[in-house]
1. With each pseudo-label sitting 7 Å past Cα toward Cβ, what's the Thr99-Glu56 distance in nm, one decimal?
2. Can you work out the Karplus-derived ³J(HN,Hα) for every residue in the range 52-62? Use 6.51 cos²θ - 1.76 cosθ + 1.60 with θ = phi - 60°, whole Hz, and x for glycine or proline.
3. Report the local net charge at Arg24: Lys and Arg +1, Asp and Glu -1, summed over other residues whose C-beta lies under 10 Å from its C-beta.
4. Among the DSSP beta bridges whose two residues both lie in the range 13-152, what percent are antiparallel, rounded to the nearest 5?
5. Determine how many Å³ per residue the convex hull of the Cα atoms of the range 13-152 encloses.
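What follows draws every value from the coordinates through simple rules; no lab data is involved. Source: prediction; values computed, not measured. Every residue, glycine as well, gets a Cβ built from its backbone with ideal geometry; the counts of neighbours run over all protein chains shown.
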Amino acid sequence: MSARRVPTVDPFKFLIVDDHALVRYGLALALRHRYDGAVILEAGSLAEAMRKARAESNITAILYDLQMGDSDEHCGLADMLEAAGDVPLIVVSGATDGTVIASCIRAGARGFVHKGCEWVVLDQALPIVLEGGLFAPAPPAARDGRPVRIAIADSAPTKPESDAVNALTDRQREVLRLLLEGQSNKEIARALGVLEGTIKVHLRTVMQRLGVRNRTQLALATMRAGIRLQS
């Protein structure tokens, strides 16, 4: 888990909805570690979650287990989204079926994170979702066994960004793919067998071409381009 913490003036407030207490505990622990002063609300049933979503103000995001014991997964998600209103909801589920993931996004979920993933995936997903983007994984595993993550654009692809991404070299696209998986420059360099300084050069070039200044902006620009970067 990343040691980097996010200080906040107005504490982030998260609602964790899962019928397994241990899962709620783990997510709460991770969120408190990542976001200083975060307020964590928990619900062990859909009914309780809907009550809290309607009663509480200023909820930052909802982390929702698709398979709640007191509801059908699809109807339950629809009911939860209605109760959530404008609060972004990320489905946290063990489902791997691509049609299930797509149906959650179409229903209105702002993200989908697999329960078997590393914390870095949720850590990457949250800022994207909170800035208005969509985040979801591709179901297949990469050749080395790691899950491949993709960000899904929430609007029609913008041609300049799409052209910029499509114009990247194969190596630049590979660097970008690994970056979007949450890997550090050092990890990318090790994976590709090059010097870390070479990775920095590639990233600087990619960022210049897309007109962005940091990794979060780069992820959002790639989403808007409608590009799927997979192994």
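1. 3.4
2. Coupling constants for the range 52-62: 5, 4, 7, 8, 8, 9, 6, 6, 6, 7, 10 Hz.
3. -4
4. That works out to approximately 25 percent antiparallel.
5. Convex hull volume per residue, Cα atoms: 100 Å³.
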